[in-house]
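Some notes on the structure that comes next.
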C-alpha cells in the first residue's frame, strides 16, 4: 500500500508509474473529510488508471447520495471502475453497496464459484429486508425534484450566516462547505490536503466545537457535519444562535 497526498496528481502519478505492475487499484474519496477533490486531480487519476490499466475506486460512503443523487461521480462527470456507498443510502439502516463495471462485479457472482477468477464475498446482513425497505424509501425521497438544490442552498446560506458571526466576533475561522458537508476550520482558506487541515489551529477548533456542544449542538469536535433534508429553519437558527453564544464565550 502506498499513500499520496490528496489533490497531488504529480505524486500519485509518480508512484503509480513506478509501481504500475504491482498496483491493483487506486482508491480515493471525491471529498476527503471537508477537503474538496479538485476536478483536475480526480480526472487525472481516471486518465492515469486508464493509461496504466489500474482499477479506479471511488470511496463514496460519504459523498454517495449526499453530493448528488448519482454521487460525486455524477456531479463531476468522472466514472470510476468501482464505487462503495453507505450511510445515506441505507436511510440509517444496516446497508452498504459496492457498485461498478459488470466485468468486475460479475467476478463475485456465486454461479462462478470454483472458477479461477471467482472472488468470494459475504456479509452478515446481506439481503436484510428492513434495511432494503429503508433504502428504497430514502432513495424515493432523494429523487424528488429539487432536493439537492434545496439542500445545497440551505448549507450555503447557513455557512454564509455562520461566517458573518465568526467575523463579527473576530474568530479566525472559516465556515467551509462542500455541498451539504460543512465544518468550522481555523484557517484562512479552504484546505487542499490533510496537511493544510493539520496546519490549522486544532485546539481552537476543538474549543469552539466544545462550546457548541455545551449549548445543545450535538457534534464531534474537529469533525465535519452534514445538513440534512429534515433540518428546519428553526433548527438552523438555533445552531446559529449557539454559534454566536459560543463565540462570545471564547471572546471572554
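The Rg/Rh ratio for segment 9-142, using Cα coordinates for both the radius of gyration and the Kirkwood hydrodynamic radius, is 1.00. Distance between the C-alpha centres of segment 210-252 and segment 75-147: 33 Å, rounded to the whole angstrom.
I need 113, 87, 101 ordered by Cβ neighbour count within 10 Å, fewest first. Please list the in-between numbers first.
Details: 113 9, 87 17, 101 12.
Taking fewest neighbouring Cβ atoms as first place, the list is 113, 101, 87.
In segment 193-241, the C-alpha radius of gyration followed by the widest Cα-Cα span (Dmax) gives 12.8, 36 angstrom.
Could you list 63, 232, 13 so that the one with the fewest beta carbons within 10 Å of its beta carbon is first and the one with the most is last? Numbers along the way, then the final one.
Working: 63 27, 232 9, 13 17.
Ordered from fewest to most neighbouring Cβ atoms within 10 Å, 63, 232, 13 come out as 232, 13, 63.
Compute the relative contact order of segment 147-251 as a whole-number percentage, counting only Cα pairs closer than 8 Å that sit 6 or more residues apart in sequence.
29 percent
Taking the chain as a Gaussian network of alpha-carbon nodes connected by springs under 10 Å, the highest mean-square fluctuation of the residues 107, 139, 121 belongs to 121.
Max-minus-min Cα coordinates of segment 147-251 on each principal axis give 35, 30, 23 Å, with the largest extent listed first. Radius of gyration (Cα atoms) of the chain, expressed as a multiple of 2.2 N^0.38 Å: 1.15.
In terms of Cα atoms, the Rg and Dmax of segment 1-76 work out to 12.2, 36 Å. Angle between the Cα long axis of helix 129-142 and the longest principal axis of the chain, 0 to 90 degrees, nearest 10? Computed tilt is about 60 degrees.
Every number here is computed from the coordinates shown, using simple stated rules; none is lab data. Since the model is a prediction, treat every value here as computed from it, not as a measurement. Cβ sites come from the backbone with ideal geometry, for glycine too, and all protein chains shown count toward neighbours.
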